[in-house]
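Novice: Here it is: the structure, laid out below.
The values are calculated or read from the model by the stated rules, or taken from the named source; none is laboratory data. Treat the numbers as computed from the prediction; the structure is a model and nothing was measured. We place every Cβ from the backbone using ideal geometry, glycine too, and count neighbours over all the protein chains shown. Each accessible area value is taken on the protein alone, full model and side chains, heavy atoms only, with ligands, DNA and RNA left out. Shrake-Rupley method; radii C 1.70, N 1.55, O 1.52, S 1.80 Å.
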Amino acid sequence: MKKLILGMILLAGLWSCTDQESEKYTGKAVEYQLYQASEFDYVGKAMVKELIGGNLELTIQLEGARGDSETNYPAHLHFGNYTEADTPIAFMLDPVSASNLKSSTILEQLSDGSRLTFDEVSGFDGHIKVHLAADGPDYEVILAAGNIGLNAGADFKLDEMAVCGKNY
């Protein structure tokens, strides 16, 4: 009897999570690959989901060595291809937590004043880079990177990666 009650409680909890999830998103989503970009062994995915109301949520999930909960890796959405030097930052993403290797950001107005809709994501000329540090020499160490939108299908070539700019 206890197992039946416990099972019903668990089922009700799962059902409520599913309902909350479906109430938050429209069901439109696209995923992009993030590639290893240095001697540090990190790869991952960036998922863009459309929220009810039209905003976008960009989630980064990396795979690799986990660290402590106090360490974060800065992440940026840039305009342009990852091979272009000094590309401006389009949006400062929430940092990736070293403890769970995840970041989730609601995209608002980009640095150029525009707003990205879900239908425009596939035509967006941009890329994501996850840095080892926010400043100093470790800022130039990129843990993972990848194009999104327009150039997402191109082969990733580590030797062509450019150092990104910190400008907006």
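Novice: If I go through the range 103-146 residue by residue, how many of them are open to solvent by less than 10 Å² (accessible area, probe 1.4 Å) and among the polar types (S, T, N, Q)?
Specialist: 2
Novice: Of all residues in the range 85-102 being under 17 Å from Ser38 (Cα atoms) and more than 10 Å from the chain's Cα centre (by Cα), which is most open to solvent (accessible area, probe 1.4 Å)?
Specialist: Among those residues, the one meeting the criterion is Ala85.
Novice: Looking only at the range 31-59, how many residues end up being over 23 Å from Asp159 (Cα atoms), of a type in the set (A, V, I, L, M, F, W, C) and assigned to a strand (DSSP E or B)?
Specialist: Number of matching residues: 5.
Novice: Restricting the range 59-84 to residues that are among the hydrophobic types (A, V, I, L, M, F, W, C) and more than 20 Å from Ser111 (Cβ to Cβ), which is most open to solvent (accessible area, probe 1.4 Å)?
Specialist: Checking each candidate, the answer is Ala65.
Novice: Residue pairs, Cβ under 8 Å, 6 or more apart or interchain, first in the range 85-106 and of a type in the set (A, V, I, L, M), second open to solvent by 60 Å² or more (accessible area, probe 1.4 Å) and not in a loop (DSSP other than H, G, I, E, B). List them.
Specialist: Partner pairs satisfying both residue conditions: Val96/Asn72; Val96/Lys102; Ala98/Asn72; Leu101/Gln61; Leu101/Glu63.
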